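Just below is one structure, and these are the notes that go with it.
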Amino acid sequence: MGGGGSVMAVHGHVTDRPWGMTLGAIALGRPTGQLTIESDGKRYCIVFDDGAIVAASSPLSADAIARIALTHHFITSTQVADITHRLALSPTRDEVDVLAGALRLSPDQILKLRRRLVAQRAARMFSLECGDFVLDDRITLPVFAGVAVDPHHVIYLGVRTHLSEQRLIDDLRQLGSHVVIKPEAIALLPRFEFESSAQPVLEALQVGTSLPELEATHRELDPRSVQAIIYALVSCAACVISPFPATRPSSVADAAPPAARPPAQPAPAGTLATRPPPPPSPAPGQHDVPLAVPAAPPGMAPSVTRTTPRAGGRVISSPYALYARPASPTSYAGATAKDTGTNTPAAMRLSPLESDVAPPRPPLAPAWKSPPSPASLIKRTPPTGSPKVRATSSRLPGAEDHRAPAEPASRVSAEIAGAAAEAVQRGELAMKRDHPAEAMLAYKTACELDPNEVDYPGMLAWAKFCAATDKATIGGETRTILERTVIRSHRPERARFYLGRVERMLGRDKEALRQFQEVLAVKPNHAEAASEVRAIEARLLAAGKLGTGFFGRKR
C-alpha cells in the first residue's frame with residue numbers, strides 16, 4: 001500500500017447526504033483504508049490507497065466476475081457456464097486468476113479486467129437506499145499491484161448507471177441552479193472519463209449554465225447523462241454553484257434599506273430582489289473534524305460530525321456529514337409530495353357547473369393512503385359513469401334493492417390489508433435494488449393477502465416482465481394486465497408508467513411516448529415520465545421519426 005494519510009474510524013449513514021458528496025469528500029481527503037457499508041444484511045467494501053480506489057467487493061450477482069466479463073466482452077455467453085463451474089471448484093483461488101487461466105488472458109487483459117471489476121463494484125454503492133458505513137484502517141480485501149481506479153470516474157459511473165431517477169433529481173435540486181467549472185478543475189476533466197458526447201455540456205459549463213438551459217439548448221443529449229455530469233463534477237468539488245448567476249446586475253432598490261423600498265412595487269425583472277435568498281447553512285463550529293477534509297463547494301457549509309438518532313434507540317455518529325440534506329423520499333413518494341390534486345379519482349371531481357350550483361361532495365380517501373379505512377378495504381368504487389355508481393349514489397338507506405344481487409366482495413381486515421401494504425413496500429425496495437425476482441415474491445404475497453386491491457396485479461406483472469429473459473414472449477400478457485389495471489385503478493398513472501416502460505423496452509418508442517405523455521397529462525410533475533419523454537423524443541428526432549402530429553412535442 002502507498003503512503004496515503006491514515007484515517008480514524010468514521011461512521012455515518014448513506015442517506016445523511018447525497019452519496020456522491022460523501023464519496024467525493026472521502027476520496028479528496030486521500031485516505032488509505034477500507035470503506036464498508038452494511039445494507040439489508042449485505043456488505044459492500046471499497047479500499048482506498050492514497051485516495052485511489054484499489055479494490056472493491058459487492059455481494060450482488062450482477063457484479064459477479066462472470067457477469068462483468070461478459071458485459072465487457074472478455075467472454076461470450078456460451079462460456080459463462082464453464083467459468084461459473086470453474087469458480088465453484090476453486091473457492092479459495094482469486095476469481096480473476098481462475099478466469100484468466102481458463103481463457104489464457106494476457107497480463108494487459110488481466111489488469112484491464114481487474115480495473116473494470118473494481119470500478120463496477122465500487123459504483124454499485126450508489127444503488128443503496130439505506131445502510132451504515134464505516135471508514136477505518138483495517139483492510140480485509142486483497143489488493144493487487146497496478147490496480148488503481150480514479151474516484152472521479154467511479155462517481156460518474158455510479159450516478160449514471162445506479163442512482164435512481166428520483167434521488168438524482170432530489171439531490172440536484174438542492175445544489176443550486178447555476179453551475180460553473182472552476183478554471184483549475186478543467187485539467188481534471190479527463191479523470192471522469194466522460195463520453196465524447198459530453199463535450200458540448202463541458203464547454204457550456206466552463207462559461208456557466210444551468211440544467212434547464214442545457215436541456216433546452218442540447219435536446220439531442222440524454223437528460224440523465226447531462227444530470228450525471230453535473231452531479232459528478234459537483235461531488236468532486238470541481239464546480240462553483242449558486243442559486244442564480246452571480247453576474248446579474250444589482251438594482252438601486254437592492255442597495256436601499258428595507259424601509260425605503262416601496263412594498264407594493266415589485267423589483268425590476270432580473271435583479272436579485274426578485275429572487276428568494278439561499279437557504280441558511282449550518283452554523284460553523286458545531287461539528288468536530290476527525291480527519292483532513294477538503295473545503296465544501298461554495299454555498300454549502302461543511303458539517304463534519306452529526307449525531308443522528310436511528311430506529312430502535314441506536315445513535316450513529318456521522319463524522320462525514322459534509323453536506324447535510326433532508327432524507328430523500330422514495331421515488332413515487334417524492335412525486336406524490338408535489339401532487340396538485342390529480343390523484344383524486346375522476347368520479348369525485350366536480351365540473352365547473354356542479355361547483356356553481358351544488359356544495360362540493362367530500363372526496364373519497366384514496367386507497368393508498370395510510371391508514372386505510374375499513375370501507376376502502378372491503379369495496380372499491382367502480383369507474384366513473386357506470387350504472388352501479390348512479391344506482392348506489394341515488395339509493396336511500398334502508399331501501400330495498402330488487403336488482404340482481406352483485407357478487408359479494410371478499411372482506412379484508414385492516415390487519416391483513418396492512419400486511420399486504422408492507423409486502424408491497426418490500427417489493428418496491430427490491431425493484432430499486434434491481435432484484436425483480438425478490439419483488440415478484442413480495443407482490444405475489446400482497447395479491448394473495450388483498451385480492452380486492454386492483455393495483456397489486458399490475459405491480460406483479462411489471463416485476464415478472466423485468467425478471468423475464470425473453471421479454472418479447474411475456475410482453476403481451478404484461479400489456480394486457482397493465483391495461484386492465486389502468487382502467488380499474490384509482491391511481492392509473494403508476495400502471496400507465498409501467499406500461500410505457502414495457503413498450504419502450506420492447507422497441508415500440510411511439511407507443512411508449514404516448515403512454516408517458518398520458519402520465520404527464522394527469523401528473524405534470526412526474527419527473528421520471530418527463531425524463532422518458534425527453535429521451536424518446538431525442539431518439540425519434542435523431543431517426544427522423546418525430547413529426548409535428550400526435551407524437552410531436554407538446555407545446
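The values are calculated or read from the model by the stated rules, or taken from the named source; none is laboratory data. The structure presented is a predicted model; accordingly, all values stated were derived computationally and were not measured. Every residue, glycine as well, gets a Cβ built from its backbone with ideal geometry; the counts of neighbours run over all protein chains shown. What goes into the accessible areas is simple: the full protein's heavy atoms, side chains included, and nothing from ligands, DNA or RNA. Shrake-Rupley method; radii C 1.70, N 1.55, O 1.52, S 1.80 Å.
Taking the range 517-555 as the region of interest, how many residues are at pLDDT 90 or above and aromatic (Phe, Trp, Tyr)?
0
Could you identify the single residue in 220, 203 that is acidic (Asp, Glu) and at pLDDT 90 or above? Spell out the reasoning first.
On the way: 220 fails: at pLDDT 90 or above.
Going through 220, 203 in turn, just one is acidic (Asp, Glu) and at pLDDT 90 or above: 203.
Taking the range 15-35, which residues are among the hydroxyl-bearing types (Ser, Thr, Tyr) and over 22 Å from the mean Cα position of the chain (by Cα)?
So the first thing to find is which residues in the range 15-35 are among the hydroxyl-bearing types (Ser, Thr, Tyr), and the list is 15, 22, 32.
Within the range 15-35, just 32 meets the criteria.
Which condition from (1) on the phi > 0 side of the Ramachandran plot; (2) at pLDDT 85 or above is the one that residue 398 breaks?
(2)
Just a yes or no: is a residue in the range 68-78 surrounded by 13 or more Cβ atoms within 10 Å (Cβ to Cβ), over 34 Å from the mean Cα position of the chain (by Cα) and farther than 27 Å from residue 139 by Cα?
No, that holds for no residue.
Within the range 89-126, track down each residue that is among the small types (Gly, Ala, Ser), without any contact (Cβ under 8 Å) to a residue 60 or more places away in the chain and open to solvent by less than 50 Å² (accessible area, probe 1.4 Å).
Correct list: 90, 100, 102, 106, 123.
Within the range 33-61, can you find the residues that are surrounded by fewer than 15 Cβ atoms within 10 Å (Cβ to Cβ) and touching a Pro at 6+ places or on another chain (Cβ under 6 Å)?
Passing the criteria: only 42.
Checking the conditions here, which among 417, 439, 467, 463 is over 24 Å from residue 518 (Cα atoms), within 24 Å of the chain's Cα centre (by Cα), crowded, with 20+ Cβ neighbours inside 10 Å and hydrophobic (A, V, I, L, M, F, W, C)?
Only one candidate passes the filter, namely 439.
Aliphatic (A, V, I, L, M), open to solvent by 90 Å² or more (accessible area, probe 1.4 Å) and either within 26 Å of residue 537 (Cα to Cα) or out of contact with any helix residue (DSSP H, G or I) (no Cβ under 9 Å at 6 or more places or on another chain) (or both) - does that describe any residue in the range 196-216?
Yes - at least one qualifying residue is present in the range 196-216.
Does the range 175-182 include one or more residues that are crowded, with 17+ Cβ neighbours inside 10 Å and touching a Phe, Trp or Tyr at 6+ places or on another chain (Cβ under 7 Å)?
yes
Can you name every residue in the range 477-492 that is touching a residue at least 60 places away in the same chain (Cβ under 8 Å) and either outside any helix (DSSP H, G or I) or in contact with a Lys or Arg (Cβ under 7 Å, 6 or more places away or on another chain) (or both)?
Answer for the range 477-492, where residues must be touching a residue at least 60 places away in the same chain (Cβ under 8 Å) and either outside any helix (DSSP H, G or I) or in contact with a Lys or Arg (Cβ under 7 Å, 6 or more places away or on another chain) (or both): 490, 491.
Between a residue in the range 44-65 that is without any contact (Cβ under 8 Å) to a residue 40 or more places away in the chain and more than 17 Å from residue 432 (Cα to Cα) and any residue that is of a type in the set (Gly, Ala, Ser) and in a loop (DSSP other than H, G, I, E, B), which pairs come within a Cβ distance under 9 Å, given they are 6 or more apart or on different chains?
64/58
Exactly one of (1) within 22 Å of residue 61 (Cβ to Cβ); (2) open to solvent by less than 10 Å² (accessible area, probe 1.4 Å); (3) more than 20 Å from the chain's Cα centre (by Cα) is unmet by residue 430. Its number?
Against the list (1) within 22 Å of residue 61 (Cβ to Cβ); (2) open to solvent by less than 10 Å² (accessible area, probe 1.4 Å); (3) more than 20 Å from the chain's Cα centre (by Cα), residue 430 comes up short only on (3).
List every residue pair whose Cβ atoms sit under 8 Å apart, with the two residues 6 or more apart in sequence or on different chains, where the first one lies in the range 518-546 and is at positive phi and the second, anywhere, is in a helix (DSSP H, G or I) and surrounded by fewer than 16 Cβ atoms within 10 Å (Cβ to Cβ).
Pairs found: none.
Among the residues of the range 522-545, write down those that are among the small types (Gly, Ala, Ser), part of a helix (DSSP H, G or I) and open to solvent by 50 Å² or more (accessible area, probe 1.4 Å). Walk me through how you get there before you give the answer.
Within the range 522-545, the first condition is being among the small types (Gly, Ala, Ser), and the residues that meet it are 527, 529-531, 535, 538, 542-544.
If we keep only those that are part of a helix (DSSP H, G or I) as well, we get 527, 529-531, 535, 538, 542.
Once the filter is applied, which keeps residues that are among the small types (Gly, Ala, Ser), part of a helix (DSSP H, G or I) and open to solvent by 50 Å² or more (accessible area, probe 1.4 Å), the range 522-545 yields only 542.
Check off (1) under 32 Å from the mean Cα position of the chain (by Cα); (2) buried (at least 18 other Cβ atoms within 10 Å of the Cβ); (3) modelled with pLDDT of 90 or more for residue 143 and give me the number that stays unchecked.
Unmet condition: (2).
Taking the range 508-521, which residues are open to solvent by less than 50 Å² (accessible area, probe 1.4 Å) and among the acidic types (Asp, Glu)?
509, 511
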